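A.B. asks: Below is a structure I'd like to ask you about.
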Amino acid sequence: MFPRSTLQARELAVEGAFVFASAVYPDERGFFLSPFLKSVFAETVGHPLFPVGQISYSVSRRGVVRGVHFTATPPGTAKLVCCPRGRVLDVVVDVRVGSPTFGRWDSVTLDAANRASLYLPVGVGHLFVALEDDSMMSYTLSQEYVPENELALSPFDPALRLPLPDGAGGILSDRDRAAPSLEQARSAGMLPDYRRCRELTAHFRQEPASSW
């Protein structure tokens, strides 16, 4: 018989982004936890979990930086991410023009010990740094991956001052290394519009999220 799970939520400094932490129930076999509860998620975020378009995993060596990544909006992509193995520093960056928290970021450590998950609303940027070898990230996405819709900002933008640990950034993709700053992306019209992001998010209240 499954125990009644407890799921706690905390809003981050980026409007609409939340971290969820589940109670863990250990016994002689191992442990049990529930990182997602429909009722808690909907009450916290204001809508049910989005219809799931794709589930993906990445595995990274220590020191790898992935991001800052965001999706052209529309279509926009919401994400629920966690780290079931290893340890990462996860950073959410508000790149939505017109947002009350535009340009702000917040960070949380995700690992196999705290077993937390992070919800990123449509239009925000996402970066993580692998703090251990063989760190795995799990992504539940509202849209399927379309390469031409995926955009990036420089993780080294001095205006953002992201909390990259010493030594991080030596291992990253050519795209991320060449990515523009937040201001360059804004000037080029690359960044999502906050009102449009909210309009797209409103559809999550209307569309059934299948078995989720």
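A.B. asks: Which of the residues that make up the range 109-119 are surrounded by 20 or more Cβ atoms within 10 Å (Cβ to Cβ) and either among the basic types (Lys, Arg) or over 21 Å from GLY46 (Cα atoms) (or both)?
C.D. replies: Correct list: LEU110 only.
A.B. asks: Only strands (runs of 3 or more DSSP E) wholly contained in the range 1-109 count here; list those with 2 or more residues that are out of contact with any Gly (no Cβ under 6 Å at 6 or more places or on another chain) and without any contact (Cβ under 8 Å) to a residue 24 or more places away in the chain.
C.D. replies: 7-11, 24-27, 30-33
A.B. asks: Right, something else. Count, please, the residues in the range 172-191 that happen to be buried (at least 16 other Cβ atoms within 10 Å of the Cβ) and within 21 Å of LEU89 (Cβ to Cβ).
C.D. replies: Here the count works out to 4.
A.B. asks: Of the conditions (1) touching a Gly at 6+ places or on another chain (Cβ under 7 Å); (2) closer than 30 Å to PRO26 by Cβ; (3) of a type in the set (S, T, N, Q), GLN143 satisfies every one except a single condition; which number is it?
C.D. replies: Against the list (1) touching a Gly at 6+ places or on another chain (Cβ under 7 Å); (2) closer than 30 Å to PRO26 by Cβ; (3) of a type in the set (S, T, N, Q), GLN143 comes up short only on (2).
A.B. asks: Which one is farthest from the chain's Cα centre (by Cα), of the residues in the range 121-133 that are of a type in the set (A, V, I, L, M) and farther than 10 Å from VAL91 by Cα?
C.D. replies: Here the residue is LEU131.
A.B. asks: Next question. Evaluate the following for THR101: is it at negative phi, at pLDDT 95 or above, among the hydroxyl-bearing types (Ser, Thr, Tyr) and within 12 Å of the chain's Cα centre (by Cα)?
C.D. replies: no
A.B. asks: Let me ask another. I need a count of the residues in the range 10-41 that are in contact with a strand residue (DSSP E or B) (Cβ under 8 Å, 6 or more places away or on another chain), among the small types (Gly, Ala, Ser) and modelled with pLDDT under 95.
C.D. replies: Residues in the range 10-41 being in contact with a strand residue (DSSP E or B) (Cβ under 8 Å, 6 or more places away or on another chain), among the small types (Gly, Ala, Ser) and modelled with pLDDT under 95: 4 in total.
A.B. asks: In addition: Please give the number of the condition VAL91 fails out of (1) farther than 15 Å from LEU141 by Cβ; (2) surrounded by fewer than 16 Cβ atoms within 10 Å (Cβ to Cβ).
C.D. replies: Failed condition: (2).
A.B. asks: Further question: Six or more apart or on different chains, Cβ under 7 Å: which pairs go from a residue in the range 140-160 that's surrounded by fewer than 18 Cβ atoms within 10 Å (Cβ to Cβ) to one that's among the hydrophobic types (A, V, I, L, M, F, W, C)? Could you list them?
C.D. replies: The qualifying pairs are ASN149/ALA72; ALA159/LEU182.
The values are calculated or read from the model by the stated rules, or taken from the named source; none is laboratory data. Just so it is clear, the structure is predicted and the values come from calculations on it, not from any experiment. All Cβ positions, even for glycine, are placed from backbone atoms using ideal geometry, and neighbour counts span all protein chains on display.
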